[in-house]
Structure formats: structure tokens, C-alpha cells
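Inspection log for the structure reproduced underneath, given as C-alpha cells.
The values are calculated or read from the model by the stated rules, or taken from the named source; none is laboratory data. None of these values were measured; they are calculated from a predicted model. Quick reminder, even Gly has a Cβ in these numbers, built from the backbone with ideal geometry, and neighbours come from all protein chains shown. Note: accessible area is taken over every heavy atom of the protein model, side chains too, but ligands, DNA and RNA are not part of it. Shrake-Rupley method; radii C 1.70, N 1.55, O 1.52, S 1.80 Å.
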Amino acid sequence: MGRAFEQVGSWSCKVLRTARNLGLGLILGISAAQAETVTIAALGDSLTQGYGLVQEDGFVPQLEAWLRARGADVTVINAGVSGDTTAGGLSRVAWTLTPEVDAMVVALGGNDLLRGIDPATSRANLDGILQAGDEAGVDMLLVGMEAPLNYGADFKDQFDGMYGELAEAYSIPLYPTFFDGLLAEGDINAARAAYMQADGIHPNADGVARIVEAMGPAILALIE
């Protein structure tokens with residue numbers, strides 16, 4: 001009888017160990033699967049927010065679909081607010097960088113440009129945003145913007161140059177300009193007619209698709 005109890009006890013221990021190992025393996029498997037998903041925050045203004053477009057045609061949904069179609073396990077968070085300046089981005093970067101965020105695309109400056117804000121102020125705000133991302137340990141891509149000559153050559157040099165200087169200072173990649181995918185057309189007037197909304201400022205759905213197609217590889221490289 002004692003021998004039988006020993007055998008039952010031994011068998012019970014083996015069952016418990018097996019169940020425990022299976023449970024631990026399942027937990028680790030789930031954790032690994034969750035860890036594989038990369039969360040990207042797109043911190044920007046109306047261009048990232050998707051102004052004037054149905055939700056699925058906006059920059060963030062199209063970017064997420066583009067990345068997933070190329071095998072990336074990603075979630076892209078829409079942290080774009082219409083009308084936001086670099087100051088607005090700085091004011092909300094702290095709560096944008098939640099613990100699950102792994103990477104951040106910073107695309108701000110267009111509204112600073114429209115308002116004629118001193119490039120030194122815009123630069124300081126962008127510097128604060130990048131510093132927050134650096135301290136949070138997230139990978140970052142800085143998206144530039146090009147100023148027209150309306151405010152003079154000196155303003156343009158300072159505004160255009162701040163993106164490259166900040167990208168170099170933080171050792172992060174720089175994407176030349178948000179509209180790079182449209183500028184590739186060569187004829188800017190034709191591109192504006194085909195890929196911009198009536199306001200001439202925001203891209204239409206086809207324009208966003210071209211922007212994502214051009215910018216996508218830089219973001220894919222960032223998360224890989």
C-alpha cells in the first residue's frame with residue numbers, strides 16, 4: 001500500500017510540474033507575442049491628424065496599413081492635433097510617451113511657419129520634444145518642413161536648417177520634408193492639383209498614399 005501511495009505521489013508531482021511548465025510557457029509565449037508589437041506615436045498637427053479626410057484615409061491609418069503589409073507588427077497612435085504648433089507638441093509630449101510607446105515620429109512646424117513664429121522659438125520647442133523622447137528611450141524620426149521665401153532668406157535658412165541640426169544633435173534620422181512624396185512629381189502645380197485638398201495645404205487621400213509610400217521606408221528602418 002505504501003508503495004502505491006509513493007507511485008501516486010510521484011505521478012501527481014509530475015502532473016503538477018508539467019502543468020506548471022505548460023502554464024509558464026504559455027505566459028512567456030503571450031509576453032513574447034506582445035513584446036513583438038511595436039507602438040509608434042505620430043506626434044504632429046493636422047497633417048498627421050488627417051484633416052478633411054475620412055478616418056481610414058488619414059496619415060496614421062494609411063501608414064499603419066503600409067507597414068503591416070510589409071510584415072511589420074505595429075500599432076500607430078494618432079497624436080496629431082489640428083492647428084498645433086511646436087509649442088503644442090511640447091506641451092503634450094509627456095503624456096503622449098506612455099510606457100507602451102517604442103518609437104515616435106515628430107512632424108511639427110507647419111503651423112509655426114504659417115504664423116511666422118520665430119524659428120528660434122520653434123527650434124527650442126522641437127529640442128524639448130526630442131529631449132523628452134530621448135529621456136524616454138524611444139527611437140525617433142524627425143520630419144522636416146521647408147519654408148517659402150515669404151519671410152525672407154534669413155528666416156528660411158534658420159527654419160529649414162533647424163531640423164537637420166536637431167537630428168544631428170540627437171543622432172536620429174531626418175526625413176527631409178513631410179511633402180517629399182509629392183515633390184517627387186517634379187511639377188509642383190500639377191502635384192497640388194492632383195494630390196491636395198481645395199485649401200492647398202492638406203493632402204487628399206491619394207496624396208497621403210504617396211506621402212506614406214515615400215516616408216514608409218524610413219519608418220520601417222526606424223523600427224527594424
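A few notes on this one:
- Accessible area of region 156-197 belonging to carbon and sulfur atoms, whole % at 1.4 Å probe: 50 percent
- Tail fraction, Cα-Cα pairs, region 32-88, threshold 18 Å, whole percent: 38 percent
- Sparse-neighbourhood loop sites, trypsin sites (Lys or Arg not before Pro) in region 32-96 - DSSP loop, at most 15 other Cβ within 10 angstrom: Arg70
- Cβ-based net charge around Leu222, under 10 Å, with every Lys or Arg adding one and every Asp or Glu removing one: -3
- Only one residue of Ile201, Gly110, Leu142 has its Cα farthest out toward the positive end of the dipole of region 107-224, where Lys and Arg carry +1 and Asp and Glu -1 on Cβ, and that residue is Ile201.
- The residues packed around Arg115, meaning those with a beta-carbon under 14 Å from its beta-carbon, carry a net charge of -4 if Lys and Arg are +1 and Asp and Glu are -1.
- Working from label points 7 Å from Cα in the Cα-to-Cβ sense, the Asp134 to Ala65 distance is 3.7 nm.
- Pairs of Cα atoms farther than 16 Å apart, region 140-224, %: 60 percent
- Net charge of Cβ neighbours under 14 Å - reference Asp157; Lys, Arg +1; Asp, Glu -1: -3
- The alpha carbons of region 99-156 occupy a box of 41, 15, 15 Å along the principal axes, longest dimension given first.
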